[in-house]
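Peer 1: First the structure, which I've put down as structure tokens, then a few questions once you've had a look.
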Amino acid sequence: MADDVQTVRETTTRSGNTVQKTQEVHDPVATQEHNQNVAERVVWFVAGILLTLLAFRFVLSLLGANTTNAFANFIYDVSQPFVSPFFSLFSYDNYQYGVSRFELYTLIAMAVYAVVAYGIVKLVTLNRP
């Protein structure tokens, strides 16, 4: 590896004895892999937050949570923009039993966002050896 950058640091005392010797090797390939790893983690972190939010929405609607409750209302309001593109896939009232709703479109949205996150991660790490 001719492109490696090597640095040697020595700390000496007044008497001339070497106290500490540190050698650092900077590998540009390792630095690039680290940056790709960080990007991969960020994508999965954001996807994990979104998927958790959608999972909360699915469970709350399945259990028939009161929409006037502050927590349920917050979850529904925040997840609405991510689920709304999938509303027209299925009839909204077909899977309702009392106050309970089986939101199939929320499950579809979770699957789509997971596949999109996977695709972005593969794109970010495309040139990984």
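Peer 1: Cut-off is 10 Å between beta-carbons; in what order do Thr68, Thr106, Thr125 appear when sorted fewest neighbours first?
Peer 2: Details: Thr68 7, Thr106 22, Thr125 14.
Ordered from fewest to most neighbouring Cβ atoms within 10 Å, Thr68, Thr106, Thr125 come out as Thr68, Thr125, Thr106.
Peer 1: Next question. Taking 0.36 nm per intervening residue step and subtracting the Cα-Cα distance, what contour gain separates Val59 from Trp44 on full extension? It would help to have the intermediate numbers written out before the result.
Peer 2: Numbers: separation 15, 0.36 × 15 = 5.40 nm, distance 2.18 nm.
Full extension of this stretch gives 3.2 nm more.
Each value in this text was obtained by applying a stated rule to the coordinates, not by laboratory testing. Because the structure is predicted, anything quoted here is derived from the model rather than measured. Please note: Cβ atoms are built from the backbone with ideal geometry, for glycine as well, and neighbour counts cover all protein chains shown.
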